Structures are given as C-alpha cells and as structure tokens.
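The values are calculated or read from the model by the stated rules, or taken from the named source; none is laboratory data. What you are looking at is a predicted structure, and each value in this text was computed from that prediction instead of being measured. A quick note on method: Cβ atoms are made from the backbone with ideal geometry, for glycine too, and the neighbour counts reach across all protein chains shown. Areas reflect the complete protein model, heavy atoms only, side chains present, ligands, DNA and RNA absent. Shrake-Rupley method; radii C 1.70, N 1.55, O 1.52, S 1.80 Å.
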Amino acid sequence: MANAIAAEVGVAPAEHVDVLIVGAGISGIGSAWHLQHQCPDKSYLILEMKDTFGGTWETHKYPGVRSDSDLYTFGYRFKPWVGAPVASGEEILRYVGEVIEENGIGPHIRYGHRITACSWSSADNRWTVEAVRASDGDTVRVTCEFLWMCQGYYDHERPYVPAWPGLDDYKGQFIHAQLWDPATDYAGKRILVIGSGATAATVIPAFAEKAAHVTMLQRSPTYFFCSPNRNELADRLRQIGIDEPTIHRVVRAQIMFDQDQLTKRSQAEPEAVFEELKALIRTYAGEDFQFEPDFTPHYRVWQQRLAFCPDGDIFQAVKAGKVDVVTDEIDRFVEGGVRTKSGKVIEADIIVAATGFRLSVMGDIPFFVDRRAVDWAQTVNYRGMMFTGVPNMAWVMGYFRASWTLRVDMLGDFVCRLLKHMERKGAHRVEVALRPEDEGMKLLPWIDRDNFNPGYLMRGLDELPRRGDKPEWAHNQDYWREKEEIPRIDLDGAEFVYSGRKDRSSETKAPAAEAA
C-alpha cells in the first residue's frame, strides 16, 4: 500500500530488505559477516554516510594513526591477524577491505547515504529509513524488518573543542586531530598538542620524527602501558609451524586472560599496578625518569582508557629531548601560542587539539516509533544493545577496557540467534520491557562515573539511555562476564516481548547482491 501511495505522488518506492545495517565501519562490516554466515536467507543492505568503508579508520588521518588495542583481539575472530599487535590505520583499513572482498559484502553497501530519519510502524512491523544520497541529493527510502545500528558513538564531522578564550587571536595553524589534513607540512615546525589521551600518545611520537619540537599540554596525566610491539607467543607458535587460525585463537585467549587480570588488579591493588607500569616506562625512558608531576595521574588505573605505547615511543622521544610535557590549564590563546594559568607562554607554529570526541547517540538520527519521537534518555538499555520501547533494533556499542570488536562478534551471534528465534516463533516484532520483578528498579546514568569516566561520556551522559541496578539492564563493560552471559540469554525470558503478524506474500525484496 505504501509503495502504491508513493508512486502516485512521484516518490520512488521504498526498497525492502530483511535487515538494514547502519555504518560500514568495523562494527557494520563485522555484523554483515555474521548475518551472511549465520542467517544466509536474510537479505540486507548497509547504508554508509561516507564514500568508502572504514569508519573511524577513514576519519582519522593524523600522523602515526594506529590502533590502541592489539589486533589479535581488535581483529575479528573469524579472520586471523598476521602482523604486529599494534597496527597502523592503513593496515587496519586493508584488513577490513579484505573482509569485504573475501566475503562478497561490497555489493550490499550503499555509500554516500546520510540517514535523516528512522520510523517504526507497529501496523506494518517494519522500519522506514530515509536517507539523502550524496551523488544527486535525492531522498531514498529503505524499509526493513530489523535495524542494526553500527554507526558508532561519536560525531565524525564535529570533534570536541573547548571554548578556549582568545582562540581567534592565535596567528598560527589550529586544527583538531580528528580533522587533520595529511597534506599539512609540519617538518621543522614547533607543535603544541593539547591533550594526553590515546590520540596524543599516538600523534606525538610521529610529529617528533620531523618537527622542530613537540610540547604536550595536559590538564592531568594519563596512564601509559609500554611494551615491545610484538607478541612472543604468536612469534613462537609461527616458528614451530602452527597454522594462523590456531595462532589467532590461542593468542586472543592469552591476551584476554592477561587483560582480565590487569583489570581486576587495577581495582584491587592500583598502586602495585602503577609501579609495574612505571617500571615498563623506565625500560625506555631510563631509570632516573621523573614521574612527578607530569606522569602521575589523579585517578585510579583504568578509570579512563590506558594509553598503549608500542616500544615506548613517546617516552623515547621525551628522553631524546624532542618532546616536553607541561601539566597546566589554558588561560587563553595568544598571538604566538597559548598562555597557561601559571603564566607560562607556549609558542607554537601549529596547535593540535587532541581533546576527544563529541558524543553522538544513534548518529544523531531522529527516531520515531508509531510517529512519536524517541528520547533515548527516557529508555532503559538492555545489556547495552536493545532499548525499552524500541522494537526490532540492536545497537553495537563496544568495550572501553577491551577491544571494541570483541563485542561486534558477540552481538553478531546474539542478533542472528534472535532473528532465527523470531522466525521459529513466527514473530515479526520483538522488544525488551521491564519485567514484573523490575518494578521500582532504580534507574541510573548509562555508566557509573567511578567505574569509567572519559570526558566524552561525561559530557553527554544525559543523552544516553538509562541503566538499571541489575546486570540485565546495563552495559557493564565486562567482556569476561558477558562472554559467558550473552550466549546463554533466554530469548523466551520475560524481558522479551514478541508480537505482530503480517502477510509477506506480496513483498518484493532487493536482490541479495545488487550493485552498490
């Protein structure tokens, strides 16, 4: 009926697929792989705003861009990683491109499609997704039975830049790292990097190779983990002739075990862990390296992301005199650089803000359920992937203390199991709802500030869905717990509400391999 009405008013009929995946980054491509392999009868498309795949790894082009997780766990479980544990952005894009090529995912991707609205109809048991096509500016519509949101959690076009006084007074070049132009010539220049997180830890050693000097200005120090960019177990297994899939599986298990131990020890004995981190840093910076005041954080290990430094590169640059660190706050920008609150003026030819992301909940896309706008802050999240009052939708939100992709694989299994379960039940709608035993459950912010508190989450916490005080109603950031719990979820549990029937005989679906 909807297509007939659209034809009458001159609008192109909506294309229909079983599953629509939003985003062709690391989450979207991994989810597509799982859908193809676990639900091969399901038709699907991927809508991607950019003109190519890669998401984060396409957005960030600053010098030295690399993973801040090891690729044995950041890589998908189904495609062995062969190479150094910490990889460049270019190597990660090549890896994702191979997944697309080897599995025939490319024809399912529609690049250059910016989604403008997602609307659910309970009468039709389907989503209608509208998008503007970059190539001609036309609005296109796709309908689907299940919406798989894999677009990430931050704004790829507008990074976070604090409202610093005097920014317009600065006469040099100012740029946020997220918007870095690879054509920028920084050889022989004085560079000031504002920030001390993973981006700063990555870009500073790269700048130091060609710049006249680099200064890192931080409000507070960050914890760093330094080690050689190799995995001894992987190297040994290759030496004795073990096949790559086995190496990938075993090394992933080893790394995840070590990460679990580190996470637990960071909570139980943070001082001891910090001493061990300092010992690793001294391996590269020297035994007389001073940690006060610039390398002694004011929070517990793992309350924010631990910055990984392969081969201690940033500390080697500090030791060589190519980098210095200033712990202070910005008073204002001046013509030649920045004046700090202590009165120090840091002069720079280029100032790079490594100040983090701007949170983007569901891609800032307007959502509607039966014509009513969805306010995500009024929903309750189910294990950080489904939301009360929003049918037939899952969101991939990864881990902060473990590799993002571990949850991509895990939720790929869950969504495919849910789709097959719906098929067996003859159900065309599923949503999560609080159970009778959840009545009166205390509702809290998305994440416990004392557990994990990076700036981008704290700034946008009120925009995110709520969590309950029970494990089912929270994204607990604990891979080692979820890897046991999520595969055992009872899909007929009281939190899952199934309903809806429809006649599918007249539906026309998009060919499974239609050209992008």
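Some notes on this structure:
- Cβ-derived FRET efficiency at R0 45 Å, Ala272 paired with Asp185, nearest 0.05: 0.50
- R0 of 30 Å, Cβ-Cβ distance Lys319-Lys470: FRET efficiency to nearest 0.05: 0.05
- nm² value of the averaged projected area, convex hull over the Cα atoms of the stretch 280-344: 5.9
- Based on Cα contacts under 8 Å between residues 6+ apart, the stretch 83-226 shows a relative contact order of 12 percent.
- Principal-axis tilt of helix 89-102 within the chain, Cα atoms, nearest 10 degrees: 20
- Cβ-derived FRET efficiency at R0 35 Å, Val250 paired with Glu209, nearest 0.05: 0.50
- Spin-label pair Arg236-Asp448: with each label point 7 Å from Cα along the Cα-Cβ axis, the two points sit 3.6 nm from one another.
- The largest accessible area among Asp169, Asp450 belongs to the first residue in Asp450, Asp169, and the rest follow in falling order (1.4 Å probe, all chains).
- Residue-level accessible surface for Met397, protein heavy atoms, 1.4 Å, Å²: 0
- Length-normalised contact order for the chain - Cα pairs under 8 Å, 6+ apart - percent: 21
- Gyration tensor analysis over the Cα atoms of the stretch 224-281 returns equivalent ellipsoid semi-axes of 28, 14, 6 Å (largest first, whole Å).
- Label-point separation in nm, Leu461 to Ser342, each point 7 Å along Cα→Cβ: 2.9
- A helix-only calculation puts the chain at -8500 deg cm²/dmol for mean residue ellipticity at 222 nm, using -39500 (n - 2.57) for each DSSP H run of at least four residues, averaged over all residues.
- Distance between modelled label sites at Arg332 and Met441, nm, 7 Å Cα→Cβ extension: 5.1
- Simple Cβ-charge dipole of the stretch 294-434, Lys/Arg +1 and Asp/Glu -1, about Cα centre, in debye nearest 20: 800
- Contour excess over end-to-end distance, with Cα ends at Ala134 and Glu485 and 0.36 nm allotted per residue: 122.2 nm
- Heavy-atom SASA rank of Thr139, Thr388, Thr73, Thr327 (probe 1.4 Å, accessible area, largest first): Thr139, Thr327, Thr388, Thr73
- Pairs from the table (Lys278/Lys470; Lys50/Lys420; Lys61/Lys344; Lys442/Lys483) lying more than 28 angstrom apart at Cα are Lys278/Lys470; Lys50/Lys420; Lys61/Lys344.
- Centroid-to-centroid separation of the stretch 99-159 and the stretch 440-491 [C-alpha atoms, Å]: 26
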